[in-house]
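The values are calculated or read from the model by the stated rules, or taken from the named source; none is laboratory data. Since this is a predicted model, take the numbers as computed values, not measurements. Please note: Cβ atoms are built from the backbone with ideal geometry, for glycine as well, and neighbour counts cover all protein chains shown. Areas reflect the complete protein model, heavy atoms only, side chains present, ligands, DNA and RNA absent. Shrake-Rupley method; radii C 1.70, N 1.55, O 1.52, S 1.80 Å.
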Amino acid sequence: SDVEGWEIDFARLAWSKITSWMVKKTDGAYDEATLMVAARKCDRKMLGLILQKCKANNIVFVKDALGLPEPKKKVRKAQPKSKEAKRVEEERARAELKRAAQAAREAEAEQRRAAIEAAEEQANAVKQDRVVQAVSA
């Protein structure tokens with residue numbers, strides 16, 4: 001790997017470049033250690049070709065050349081709710097409670113009206129019976 005006394009390890013440089021490019025392009029779907037192991041299995045000609053494809057943004061070729069499996073899908077953790085989302089949720093809950101309380105009051109008022117009407121009808125029936133009794137007597 002020593003080129004003209006500079007002691008530069010081009011293979012190591014290529015491994016590093018390929019690894020960092022893949023991490024960036026796949027949004028961390030592959031960890032660096034896996035990518036580094038895959039890159040180390042390639043010979044110098046293949047590393048040069050992979051670097052060219054990295055420059056051309058050909059991720060499919062690079063994944064195939066490195067022999068990488070499809071990345072596992074990350075499981076998204078539930079994000080904690082923001083203060084604004086909590087506030088909106090609380091307002092909705094309060095509004096729902098208000099609607100339920102209003103519906104209960106309306107139902108109770110309707111029952112009272114029905115009871116009053118029934119009592120008035122009964123009172124009218126009693127009055128009519130008394131009038132009929134008074135007339136027939």
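In table form, for the structure just shown:
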item	result
ALA93 paired with ALA109, simple spin-label distance in nm, labels 7 Å along Cα-to-beta-carbon	2.8 nm
Difference of contour (0.36 nm per residue) and Cα-Cα distance, ASN57 to GLN122	14.4 nm
Net dipole in debye of the chain [+1 Lys, Arg Cβ; -1 Asp, Glu Cβ; about Cα centre; nearest 20]	500 debye
Relative contact order (%) - criterion: Cα under 8 Å, at least six apart; region: region 22-137	18 percent
Largest to smallest principal axis extent of the C-alpha atoms in the chain, angstrom	138, 28, 23
Residues whose placed amide H lies under 5 Å from that of ASN58, excluding near-sequence neighbours	none
Filter on LYS55/LYS81; LYS25/LYS83; LYS53/LYS81; LYS41/LYS72 - keep pairs with C-alpha separation over 30 Å	LYS55/LYS81; LYS25/LYS83; LYS53/LYS81
Solvent-accessible area per residue, Å², over the chain with all protein chains present [probe radius 1.4 Å]	85 Å²
Centroid-to-centroid separation of region 93-136 and region 42-71 [C-alpha atoms, Å]	83 Å
Helical mean residue ellipticity (222 nm; -39500 (n - 2.57) per DSSP H run of 4+; nearest 500) of the chain	-25000 deg cm²/dmol
Accessible area of the chain belonging to carbon and sulfur atoms, whole % at 1.4 Å probe	55 percent
